[in-house]
Amino acid sequence: MRFRFLFAALLVPGVLVAQPRGLDESDVMRLKSVGGIAMSPDGSRVLYAVSAWEHPNAKGDTALGDAHERRSHVFIVPSAGGASRQLTFGERGESQPTWSPDGKTIAFVAARGTGTGENGPRPQIWLMPADGGEARQLTTIKDGVSGYVWSPDGSRIALLTTDTLTREQEAKLRRRDDPKVYEGDFRLTHIWVVDAATGAASKVTSGNFTVSALPSWSPDGKLLAFYASPTPMIRDERHDAYLVDVASKQLTALTTDHQVESAPAFSPDGKTLAWTSVSHEFAPHKDGIMARTLRNARIITMDLATKALTNHAQKGFDVSPGAVRWSPNGKELWFTASDRVYNSLYAYDVAAKTYAQRTQKQLVGGISHNADGSKFALALNSADLPTEVYVTDASFASPTRVTTTNGWLAERAIGASQVITWKSFDGKEAEGVLLLPVGYKEGNKVPLMVSAHGGPTGAHTASFKLGTDPGQTWAARGWAVFYPNPRGSTGYGEWWMHANTGDWGGGDYKDIMTGVDALIKRGIADSSKMAFEGWSYGGYMTSWVVSQTGRFKAAMMGAGLPSLLSMAGTTDIPGYINTFFGDPQYDGSIVNANIKKYLERSGISYSDKVTTPLLILHGSSDERVPIGQPMEFYRALKDRGKTVELVFYPREGHGFSEYYHQLDRMKREYEWIAKHTLGAPQRTAM
């Protein structure tokens, strides 16, 4: 429980002390985000990026067509604490700040110059003296820079960019002579190396593959290690590790089994590479691409002299490591991993073959260290504070916050958050997060919003609920918000992550319902005033919930998939969907036995049973969950006289990126839910 506002309740004789108000949609859009953390080699300073909505052409009247843009800028703060300072102020923003290995130069990515759209400037690498001075543009890459990494001696920078179109291809694109071959006409990404002094650049990799993440330099600067796929399709599960000689451009394939999951990282002595890997369970389809495997990633090392591989998986270590990095002394591998409702930092001792958890009950969003690994900068998020920069020694015992990015939050009241557990239908323990209303008093029964997360291989975390998930705006209006992590969620071991395979709408649904029952039993949730919502897989669960029970008075399905058969044939991740149903080959014929699985676990199959008023929100350009999904469900409900509304958001994909769309989504959902749950029309204050 928080006590930040304890004294606000005191009354001074003759003076009425105003109570701090809760958070609303305008506060969500005001919130600034912190990321891109980079500690200087000497550990004295930390670079970071702050992103926020900007209104560069404001005329005081949005009816004139003024647009908001999400931009980030680079800041610097002493690692010992003190005032932070904004370093960049470009009209289009800047991102990806890093230090040169000697700490004398700061690099960042920015698109500066005139023009808009196709004629606008492309993101390039800029360099700035660390002790002050004007930034200079280093690269002039035609299609822009998507990411970069310094060489160990700081003389060169490896960068990623998409292959340039031919002059003829570019002309056709500009005149809109641009038919697109489905799952074809790929723009591949390759590695270039640029001289940090002159800006001279050369392409290092070529061929029928696309580089999937930033490469790793060998300590002597002669080699780059990377991983790549034959195509940039998100469904292409074929990832392999490679080495390329920077001078000769000679390419060496290190693996051919397509199981690499993260970029190989060179050890400090240059003798070993480390990466993460997942073994494929399914045979490739006839096009060579297999369905995705749902298992923990394993840390793999390769001895470069012998090419021998070592799998460092251990039975007792049941988490899925993210991308690994070496400690400066080469003795450990560091990585973060989902850890129940947190995201924790781990270390693997290569010689002792032991894993150790370095952070406890923290949401680590980014990590950077000084040259010798004695000091770290972290991006940490918590239930009562959005992400800020923290600094700690190697013990990670007491990180110290060094930034205050959203100081105005001290003037707002927020709902308290707690991690809760309950016994599910089969006796297994389930976990989630409960956000209570602002000023909640024990014993009060309040309206309950249940929010299902996406994935399903994802998880709700004990984070500050103001952003993509605006839970604090519900808490300010007297609602509790329940964030369950049913089977299928990550962070609870491989069994739990895999437990809803072939069982969507089964055990996962029961986990959520038993959690709701537990909140009713505790006297927190008013069972007559409950609503349900979710996005993506959470949208699937919403469609399933309203088709199976009438206990919720209203619901919102965002980017949901209520019709699994058509989803499997139209999504850009068919192998991911198929994985959960035993990798059936997509086939719309009536003789395919797997069709029964899709139909039985689709909410649309039970449209006649839906009684819950349903709001459906969807991006018009969503390729992950194509627009046929909400249209099918809307039609099935509307033709049966059900209470349903479908809203499309132009230009938006699977998640929303535009200012007014995000704002409308929050306002529209609240008004719909409150109207049908509380029994009277409700309007937001905006």
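Would you confirm whether any residue within the stretch 150-157 is farther than 26 Å from Leu223 by Cα, surrounded by 14 or more Cβ atoms within 10 Å (Cβ to Cβ) and in contact with a strand residue (DSSP E or B) (Cβ under 7 Å, 6 or more places away or on another chain)? No, the stretch 150-157 has no match at all. Of the residues making up the stretch 148-174, those that are at negative phi and small (Gly, Ala, Ser) are Ser151, Ser155, Ala158, Ala171. Of all residues in the stretch 219-235, those satisfying the criterion of being buried (at least 20 other Cβ atoms within 10 Å of the Cβ) and without any contact (Cβ under 8 Å) to a residue 60 or more places away in the chain are Leu223, Ala225, Phe226, Tyr227, Ala228, Ser229. Within the stretch 250-264, being closer than 17 Å to Ala308 by Cα, under 24 Å from the mean Cα position of the chain (by Cα) and open to solvent by less than 20 Å² (accessible area, probe 1.4 Å) holds for Val260, Pro264.
Polar (S, T, N, Q), over 30 Å from Trp495 (Cβ atoms) and either at pLDDT below 95 or in contact with a strand residue (DSSP E or B) (Cβ under 8 Å, 6 or more places away or on another chain) (or both): does that describe Gln250? Answer is yes for this residue. Among residues of the stretch 509-540 being over 17 Å from Leu448 (Cα atoms) and under 22 Å from the mean Cα position of the chain (by Cα), the one that is surrounded by the fewest Cβ atoms within 10 Å (Cβ to Cβ) is Ser536.
Just one of (1) open to solvent by 20 Å² or more (accessible area, probe 1.4 Å); (2) over 21 Å from the mean Cα position of the chain (by Cα); (3) within 21 Å of Val278 (Cα to Cα) fails for Arg292. It is (2).
Just need a number here: residues in the stretch 554-605 that are open to solvent by 10 Å² or more (accessible area, probe 1.4 Å), of a type in the set (A, V, I, L, M, F, W, C) and at pLDDT 95 or above. So the answer is 1.
When each of Gly558, Gly523 is tested for being touching a residue at least 40 places away in the same chain (Cβ under 8 Å) and more than 14 Å from Leu646 (Cα to Cα), the lone residue that passes is Gly523. Just one of the listed residues (Ser44, Ser51, Ser40) is modelled with pLDDT of 95 or more and crowded, with 18+ Cβ neighbours inside 10 Å, namely Ser40. Tell me, yes or no, whether the stretch 250-263 has at least one residue that is more than 20 Å from Ile157 (Cα to Cα) and either in contact with a Gly (Cβ under 6 Å, 6 or more places away or on another chain) or in contact (Cβ under 8 Å) with a residue 60 or more places away in the chain (or both). Looking through the stretch 250-263, at least one residue is more than 20 Å from Ile157 (Cα to Cα) and either in contact with a Gly (Cβ under 6 Å, 6 or more places away or on another chain) or in contact (Cβ under 8 Å) with a residue 60 or more places away in the chain (or both).
When the stretch 642-670 is examined, which residues are found to be closer than 21 Å to Ser26 by Cβ and among the polar types (S, T, N, Q)? If the condition is that a residue be closer than 21 Å to Ser26 by Cβ and among the polar types (S, T, N, Q), then Ser657, Gln662 are the ones that fit.
Of the strands (runs of 3 or more DSSP E) entirely within the stretch 362-463, those holding at least 2 residues that are within 24 Å of Glu494 (Cβ to Cβ) and not basic (Lys, Arg) occupy 363-369, 417-423, 429-435.
Just checking, does the stretch 99-109 include any residue being more than 30 Å from Thr231 (Cα to Cα), in contact (Cβ under 8 Å) with a residue 12 or more places away in the chain and open to solvent by 60 Å² or more (accessible area, probe 1.4 Å)? Yes, because at least one residue in the stretch 99-109 is more than 30 Å from Thr231 (Cα to Cα), in contact (Cβ under 8 Å) with a residue 12 or more places away in the chain and open to solvent by 60 Å² or more (accessible area, probe 1.4 Å).
Among residues of the stretch 419-432 being under 26 Å from the mean Cα position of the chain (by Cα) and touching a residue at least 24 places away in the same chain (Cβ under 8 Å), the one that is surrounded by the most Cβ atoms within 10 Å (Cβ to Cβ) is Gly432.
If you go through the stretch 677-686 and keep only what is open to solvent by less than 50 Å² (accessible area, probe 1.4 Å) and modelled with pLDDT of 85 or more, you end up with just Thr677. Tell me which residues, restricted to the stretch 325-349, are over 18 Å from the mean Cα position of the chain (by Cα) and either open to solvent by less than 30 Å² (accessible area, probe 1.4 Å) or of a type in the set (A, V, I, L, M, F, W, C) (or both). Hits for the stretch 325-349 are Trp326, Ser327, Gly330, Leu333, Trp334, Tyr346, Ala347, Tyr348. Against the test of being closer than 18 Å to Leu159 by Cα and open to solvent by less than 20 Å² (accessible area, probe 1.4 Å), the options Ala241, Ala274, Ala247, Ala213 yield a single qualifying residue, Ala241. Please list, ordered by first then second residue, the pairs with beta carbon atoms under 6 Å, 6 or more apart or interchain, first in the stretch 492-514 and more than 14 Å from Glu429 (Cβ to Cβ), second acidic (Asp, Glu) and open to solvent by less than 20 Å² (accessible area, probe 1.4 Å). Partner pairs satisfying both residue conditions: Asn500/Asp508. Within the stretch 173-199, the set of residues being at pLDDT 95 or above and closer than 15 Å to Val145 by Cβ comprises Thr189, His190, Ile191, Trp192, Val193, Val194, Asp195, Ala196, Gly199. If the condition is being under 27 Å from the mean Cα position of the chain (by Cα), not acidic (Asp, Glu) and not in a helix (DSSP H, G or I), then the stretch 613-638 contributes Leu614, Leu615, Ile616, Leu617, His618, Gly619, Ser620, Ser621, Arg624, Val625, Pro626, Ile627.
The values are calculated or read from the model by the stated rules, or taken from the named source; none is laboratory data. These numbers come from a predicted model, not from an experiment. Positions of Cβ are generated from backbone atoms using ideal geometry, with glycine treated the same way; all protein chains shown enter the neighbour counts. These area figures cover heavy atoms from the full protein model, side chains too; ligands, DNA and RNA do not enter into them. Shrake-Rupley method; radii C 1.70, N 1.55, O 1.52, S 1.80 Å.
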